[in-house]
Each structure stands twice: as structure tokens, then as C-alpha cells.
Amino acid sequence: AYACEQCNRVFLQKGNLKVHQRLHTDERPFPCDFENCEKKFRSNETLRRHKLTHTGEKPFTCVTCNNKFSSKVSLTEHQAIHDNTKNYKCEECGRSFRQISCFKRHQVTHTLATPYICDVCGKSFSQMAYLRSHIRIHSGQCLKPFSCDTCKKAFAHKSDLTRHKIIHTGRLKPYRCTHCNLRFSDRSSCKRHIREHSQARPYVCYKCGEGFKRTGQLKVH
């Protein structure tokens, strides 16, 4: 077995460890050779999947809703929405996730590793993407560089823009409440709604201990 010296994750193959270590160094040795595309990737497999965004090829189809995907991994994660399965379970705390990308981001919270440091103020981050977003504060760049082509609304993160675009496309709302079957276009709205059915009050006042279902209610309190 091969262990990462920075976060202690263990891999069975040395090649997988090498790809993983690029998360810490942000090394991206595989550039896209399509014209006007300057993106680079940590692995050849990630580059291969990226190239499908240029060709438009989506060979994997969901048998439930006929949505098409460029990779089998994306299809598998999408299908979990329909059957409400969460295949990726954290061994540290027991939380489960539908998407491996969310699962990996969550795992970093247990290691407390923040190897990406801002040269300006010294603040450190667990992921390079978070550091890049933070650096825009110092550089004076637009804090919301991702804009919608349809309504021109701007967002700080590309993932927020992707969720927003669902409003314009009219695509099936993939997130369903398990209590009343109401559907939502993004996961966070669905989670907030589900809490209305349950007694969970995750936002707790540190002074009096009272819990609230929404962060807005805690702020008012």
C-alpha cells in the first residue's frame, strides 16, 4: 500500500497515489489540445472526459428520465437521485453521499488539512478552488465571474451558475422530498424543505442553546 505523506490517505496502486498527490500540489500535466481551451487536468482520464464537452458526445443514458451524460460516473451519480441511494459513506462520521465529488470534499473536513495558503493574508484552505475564489478578494477581480447567458445574473462559483441555469432550461427537478414528493432544482433547497417535515434544528445559538431549522431564524434570534 502507498500512503500520502500530506493527508495519510492510503492507495493500493502507486499510480493512484501519484494522481492524488496532484491535489496537494495542483499539478496539472494534461492540457486540453482543443483550440482556445487552456484547461489542464491532473489525470489523463479527467482530460478524456473533459474533451467530451467539446465534442458534445454523451454516450450514457439514464433509463428513467433519458438524460444523457458524458461519463459512466456522472450517470451513476445521477441515477442515485431517482432511487435516493447514497453509495459513498464516510467511515469517520457515517455520513453518506450520492456523489463521489461531494464525498471527497467532505473527507477533507476530517483531516483538517489546509495546504493551500494565500500569499497575501496567510489564510489557508483545504482545496485549491477555495483559495482561487479567496484570492479574487485581494486582486480586485469580479467576485462573481460566472454570468448566465440568458438573464446575465452573475455568480461567484460555476456550480451556482449550473444550478441556476435549470430555471431557464425547464429541466426535470432532480431533487425530491422523501416525505411529500415535492421536487426541487437544487439540493440545498430540498434539504431546507425536508427539515420542515422533521424535528431537526441544526442551527444552535451558542449563548442559550436554542436550536433553529434555518440559519435565518438563528440570525433573527
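The values are calculated or read from the model by the stated rules, or taken from the named source; none is laboratory data. Since the model is a prediction, treat every value here as computed from it, not as a measurement. So basically every Cβ, Gly included, is an ideal-geometry build from the backbone, and we count neighbours across all protein chains shown.
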Looking for something in a loop (DSSP other than H, G, I, E, B), in contact (Cβ under 8 Å) with a residue 12 or more places away in the chain, closer than 18 Å to Tyr175 by Cα and not assigned by TED's automatic domain parsing to the domain that holds Gln127 - is there at least one such residue anywhere in the stretch 39-62? yes
Among the residues of the stretch 159-186, how many are part of a helix (DSSP H, G or I) and modelled with pLDDT of 75 or more? 5
Subset of the stretch 41-80 that is in contact with a Leu (Cβ under 8 Å, 6 or more places away or on another chain) and of a type in the set (D, E, K, R) - its residue that is surrounded by the most Cβ atoms within 10 Å (Cβ to Cβ): Arg42
Filter result for Cys32 (touching a Leu at 6+ places or on another chain (Cβ under 8 Å) and over 30 Å from Ile166 (Cβ atoms)): no
Looking at Ala156, Ala200, Ala129, can you tell me which residue is at pLDDT below 70, of a type in the set (A, V, I, L, M) and not assigned by TED's automatic domain parsing to the domain that holds Glu27? Ala200
List, please: which pairs have Cβ atoms under 7 Å, are six or more places apart or on different chains, and start with a residue in the stretch 1-21 that is assigned by TED's automatic domain parsing to the domain that holds Asn44 and end with one that is surrounded by fewer than 14 Cβ atoms within 10 Å (Cβ to Cβ) and among the basic types (Lys, Arg)? Tyr2/Lys14
